Amino acid sequence: MTEQVAIVGAGAAGAGAAYALRETETAVTVLEKSRGVGGRAATHRKNDCVYDHGANYTKPDDARVRTLIEELLDTEGLTDIDEAIWTFDQEGEISEGKNEDDHKWTYEEGLTQLAKRLFDRTDADLRTETRVEAIEREGEGKSWQPIDADGEALGSYDAVVLTPPAPQTAEIVDSSALDAEPREELVEEIGSVGYRTQITAVLHYPFAIDPPYYALVNTDHDHDIAWLSREECKAGHVPDGECLLIAQMAPDWSLERYEEPKGEITGGAADLVAELFDEERFADPDWTDVQHWRFALPEGEAEADVLAGAEDEDLFFAGDWVVGEGRVHEALGNGLEVGEKVAKRLD
């Protein structure tokens, strides 16, 4: 009988887990709450522009991720950002940085292509706009049943991989059919992982700029802008003669303005960009976009031994919060590892 596996979440970790299971005798179903894949490796399109408004690029620090991108995935449309990343401080003083990353990869069609191409190479049943609220046991058997917001079961599975951000995963586990003691320990451990909230303001200008850097990062964590990057440095993203800035705002600034109207958010962000550049024209973008990330980046990781204890119950966890590093390549690498664990468990 073919083993059935459910992966909750279609971000980088979920894509990695599905890919790792592609050549097994396992039937994989991916349950994703949003309309698309990629998680924070997300891409929008507007007015002939393509922009990565969550994670900006991926690095090849993980050897398997490098192999996937360079050898196994279709590299058509892969683009490397050549310009360096510089720094700035609380006072807005910009300083030359170091281009330490040997690659800063995205795609001409956007970073979400990474997850799309991984899923395209699997036979996984990808179900979008499907939110999992809980997981239950099927009767007295051992199969897991993910439960949606209407209380309906979404199938029966021999194993489940949970990849949502830690707070959402903790809620699912808390509603699970695990025995009280291991469930409480898991919920406490997973729930202890803190997250930074972040608003991304997308600011477009009908003119080109040519500084010697791709992005600026705030190194002392005391500025209201945490990161500012130029999408026109990515091939195929922005028409010639235009500038598209991705302003990822600092957590405190983001929390204070999280419920504000989008126009007020982008107006405030544009004013800060104008101040940082010391050029008033940046206070008046001709169009804007906003993305809210309630759980943007993990601030820590869950204890691996506690998470591993659930594997005897065929329950697995993957994601950047598992490794404690909010990076696409880390989440993807962890997803690959967990997918391999699931395959061994069910073999």
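A few comments on the model shown:
- Rounded to the nearest whole Hz, the Karplus-based 3J(HN,Hα) values (6.51 cos²θ - 1.76 cosθ + 1.60, θ = phi - 60°) of region 79-92 follow the sequence 10, 10, 8, 7, 5, 7, 10, 9, 10, 8, 10, 4, 7, x, with x at glycine and proline.
- Potential lengthening between ASP312 and GLU181 on full extension [0.36 nm per residue; Cα-Cα distance subtracted]: 45.7 nm
- Local charge for LEU78 was computed over the other residues whose Cβ lies under 14 Å away, with Lys and Arg +1 and Asp and Glu -1, and equals -3.
- DSSP bridge pairs, the chain: antiparallel proportion in percent, nearest 5: 65
- Sequence-separation-based contact order of the chain, relative, with Cα cut under 8 Å and 6+ spacing, percent: 24
- GLU299 long-range amide H proximity, modeled H, under 5 Å: GLY194, TYR195, ARG196
- Global geometry of region 1-59, whether rounded, prolate or oblate, following the gyration tensor of its Cα atoms and the 1.5 cut on a/c: prolate
- Net dipole in debye of region 104-183 [+1 Lys, Arg Cβ; -1 Asp, Glu Cβ; about Cα centre; nearest 20]: 460
- Given LYS104/LYS262; LYS104/LYS234; LYS46/LYS262; LYS116/LYS262; LYS59/LYS234, the pairs whose alpha carbons are separated by over 21 Å: LYS104/LYS262; LYS116/LYS262
- Full-stretch length increase - LYS344, ARG294 - with 0.36 nm per residue and alpha-carbon distance subtracted: 14.6 nm
- Each Lys and Arg contributes +1 and each Asp and Glu -1, all at the Cβ; summed about the Cα centre of the chain, the dipole is approximately 940 debye.
- Contour minus Cα-Cα distance for GLU23 and GLU264 (0.36 nm per residue): 81.8 nm
- Take the Cα of ALA84, step 7 Å toward its Cβ, do the same at SER192, and the gap between the two points is 4.1 nm.
- Sequence ranges 168-181, 317-330, ranked by mean other-Cβ count within 10 angstrom, highest first: 317-330, 168-181
- Radius 9 Å from Cβ of CYS243, net charge of other residues (Lys, Arg +1; Asp, Glu -1): -2
- Highest-MSF residue in the chain out of GLY151, GLY300, GLY191 [GNM, Cα springs under 10 Å]: GLY151
- Amide proton proximity set for GLY77, modelled H, under 5 Å, gap of 5+: none
- Cα centroid separation, region 196-224 to region 18-49 (Å): 27
- Rounded to the nearest whole Hz, the Karplus-based 3J(HN,Hα) values (6.51 cos²θ - 1.76 cosθ + 1.60, θ = phi - 60°) of region 221-227 follow the sequence 6, 10, 9, 6, 9, 8, 8, with x at glycine and proline.
- Counting only whole DSSP H helices of the chain, there are none at least 24 Å long by C-alpha along their axis and with mean Kyte-Doolittle hydropathy no lower than 1.6.
- Coupling constants for region 35-40 follow from the phi torsions by the Karplus curve (6.51 cos²θ - 1.76 cosθ + 1.60, θ = phi - 60°), and in residue order they are 7, x, 10, x, x, 6 Hz; glycine and proline get x.
- Listed residues THR266, ALA149, THR87: farthest to the positive end of the dipole of the chain (Cβ charges): ALA149
- Fewest-first ranking of LYS33, LYS344, LYS104, LYS46, using other Cβ atoms within 10 Å as the exposure measure: LYS344, LYS46, LYS33, LYS104
- Cα-centred dipole magnitude for region 2-132, charges only on beta-carbon of K, R (+1) and D, E (-1), debye, nearest 20: 800
- Comparing GLY333, GLY38, GLY268 in a Gaussian network model of the chain, where Cα atoms under 10 Å apart are tied by springs, the biggest mean-square fluctuation is seen for GLY268.
A short reminder: the numbers here are calculations on the coordinates, not readings from a lab. Everything numeric in this text was worked out from a predicted model, so none of it was measured. FYI the Cβ positions are ideal-geometry reconstructions off the backbone, even for glycines, and counts take in every protein chain you see.
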